[in-house]
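Input: a single structure, listed below in structure tokens.
Each value in this text was obtained by applying a stated rule to the coordinates, not by laboratory testing. None of these values were measured; they are calculated from a predicted model. Positions of Cβ are backbone-derived with ideal geometry, glycine not excepted, and every protein chain shown enters the neighbour counts.
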Amino acid sequence: MAAVQLSGIFKRYGDTQVVHGIDLHIDDGEFVVLVGPSGCGKSTLMRMVAGLEEISGGDLMIGGTRANGLAPQQRNISMVFQSYALYPHLSVYDNIAFGPRIRKEPSASFKPRIEAAAKMLNLSGYLDRLPRALSGGQRQRVAMGRAVVREPSLFLFDEPLSNLDAKLRVQMRTEIKALHQRLKNTVIYVTHDQIEAMTMADRIVVMNAGRIEQIGRPLELYDHPANLFVASFLGSPSMNFAAGVLVNRAQGAGLALKLGDGGEIVLEGAPASATAGAKVTLGVRPEHIETAAETPDASMEVEVVEPTGAETHLYGKIGGSTWCVTTRQRSKVEPGQRVTLRLPAEHIHLFDTESGHRLV
Ligand code: ADP
């Protein structure tokens, strides 16, 4: 088991800096997910922790030891990649036993560990098979079995589920989480998939362009995104946005947001720093908008109606941007109809349009 501490970590390739001073503490036993769009530097960061990529600057501590100069095999880490990297000519058992054999462990010592790992990963009946006779999910489990038998202090996962079909991905997500709950090891998990991050992480680290945008528990980030980037990155369908200028409503009735196209959204409440004249972007999640409001804050002409079974998504335009409104009821609304909307004060997010920072 190991805590991991990154202090001012950066990475340069020649003249190009791709990771810009990352500070991050990961507790012993914590499951931390690095998430962000492709190219934001998450794999590079993880590969520096693994020792597969040189650290250009800063300090990496693993289990209280400075690890910057340690070779990968000295770091007591197991890594699971997107490509399972199994040996095609070796059986499942021999694939899992490969590491211990290389380290010249006696088989009496590793055999019980392999059997325990196979049982935990539902592979007991497949130990004699070759990888090609396994499904994608089973192969991924063999890769995990190989990682588990090392009994590492730190597990690194780099997009391990990207090659699996949607249904299997959901299943493996649960399996990896259950595995972590049993083993209670420290995990750093890289993905570009915000749903994976939300469902698996103890804490999420949202990255963008080589920097950390926000760190927090999944629902903390979902409910209180620190900026427009995090607000738009987490959630599916994503948060709705409308940019405009704050104006005072008549007769001291609070604030409204005057939109670029002349429309207006009434604000039922606003943080103290929101004052008339400020250029702000309002954000509200699809599931927090109430339809058929008696005292509406906004209205929208519905262009598309999408029933998913459990809920219905209504799409239309507000202030020139496409908005989605999710209702749990079966909607009788037809395209072309106008719906009135209520945006409850407790679910409204306001951001400074220029800096992108949340108003508090
Ligand atoms: P992510 O994992 O978030 O998709 P990466 O960590 O793979 O992003 O890459 C971060 C940035 O570093 C990208 O802009 C990528 O082009 C650049 N990069 C990665 N590897 C190299 C390399 N060997 N040489 C130059 N640039 C690289």
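The charge dipole of region 240-352, taken about its Cα centre with unit charges on the Cβ of Lys, Arg, Asp and Glu (plus for the first two, minus for the last two), comes to roughly 100 debye. Taking amide hydrogens as placed 1.01 Å from N in the peptide plane, the amide H of residue 207 sits under 5 Å from those of 35, 36, 213, each at least 5 positions away in sequence or on another chain. Rounded to the nearest 20, the size of the Cβ-charge dipole of the chain about its Cα centre is 1460 debye, with Lys and Arg at +1 and Asp and Glu at -1. Please give the residues of region 127-157, grouped as numeric ranges, whose backbone N is less than 11 Å from a label point set 7 Å along the Cα-to-Cβ vector of residue 85. Answer for region 127-157: 147, 156-157. Extending 7 Å from the Cα toward the beta-carbon at both residue 128 and residue 253 defines two label points whose distance is 7.9 nm.
Near the amide H of residue 186, within less than 5 Å, lie the amide hydrogens of 2, 29, 155, all on another chain or at least 5 residues away, with H placed in the peptide plane. Backbone amide hydrogens, once placed in the peptide plane, bring residue 80 within less than 5 Å of 156, 157, 158, excluding anything fewer than 5 places away on its chain.
Straight Cα distances below 26 angstrom link residue 317 to the lysines 258, 279, 332, with same-chain residues fewer than 8 positions distant left out. Only one residue of 307, 65, 144 has its Cα farthest out toward the positive end of the dipole of the chain, where Lys and Arg carry +1 and Asp and Glu -1 on Cβ, and that residue is 144. Computed per residue of the chain from DSSP H runs no shorter than four, each worth -39500 (n - 2.57), the mean residue ellipticity at 222 nm is -7000 deg cm²/dmol. Scalar couplings 3J(HN,Hα) for region 152-167, obtained by applying the Karplus form with A = 6.51, B = -1.76, C = 1.60 to θ = phi - 60°, are x, 7, 8, 9, 10, 10, 10, 6, x, 9, 4, 8, 9, 6, 4, 5 Hz; x denotes Gly and Pro.
For region 7-20, putting each phi into the Karplus relation 6.51 cos²θ - 1.76 cosθ + 1.60 with θ = phi - 60° gives couplings of 10, x, 6, 9, 9, 10, 10, x, 8, 9, 8, 10, 10, 10 Hz, in residue order, rounded to whole numbers and with x for Gly and Pro. Taking a threshold of 29 Å on the Cα-Cα distance, which of the pairs 42/104; 104/184; 119/184; 119/167; 111/177; 11/104 fall above it? Cα-Cα > 29 Å for 42/104; 11/104; rest within. Working from label points 7 Å from Cα in the Cα-to-Cβ sense, the residue 15 to residue 182 distance is 5.3 nm.
Extension gain, residue 317-residue 353: 0.36 nm per intervening residue step, less the Cα-Cα distance, totals 11.0 nm. The length gained by stretching the chain between residue 28 and residue 275 to full extension, at 0.36 nm per residue less their Cα-Cα distance, is 84.5 nm.
Among DSSP beta bridges whose residues both lie in the chain, state the antiparallel percentage, nearest 5. The answer is about 75 percent antiparallel. Could you give the distance between the Cα centres of region 89-128 and region 18-52, to the whole Å? The two parts, judged by their Cα centres, are 29 Å apart.
3J(HN,Hα) along region 323-333: 10, 10, 10, 9, 10, 7, 6, 5, 8, 9, 5 Hz, from the Karplus curve 6.51 cos²θ - 1.76 cosθ + 1.60 with θ = phi - 60°, whole Hz, x for Gly and Pro. I'd like the distance between the alpha-carbon centres of region 253-305 and region 137-185, rounded to an integer number of Å. Each part's Cα centre sits 43 Å from the other's.
Highest average first, the peptides 45-58, 161-174 ordered by how many other beta carbon atoms sit within 10 Å of their residues are 45-58, 161-174.
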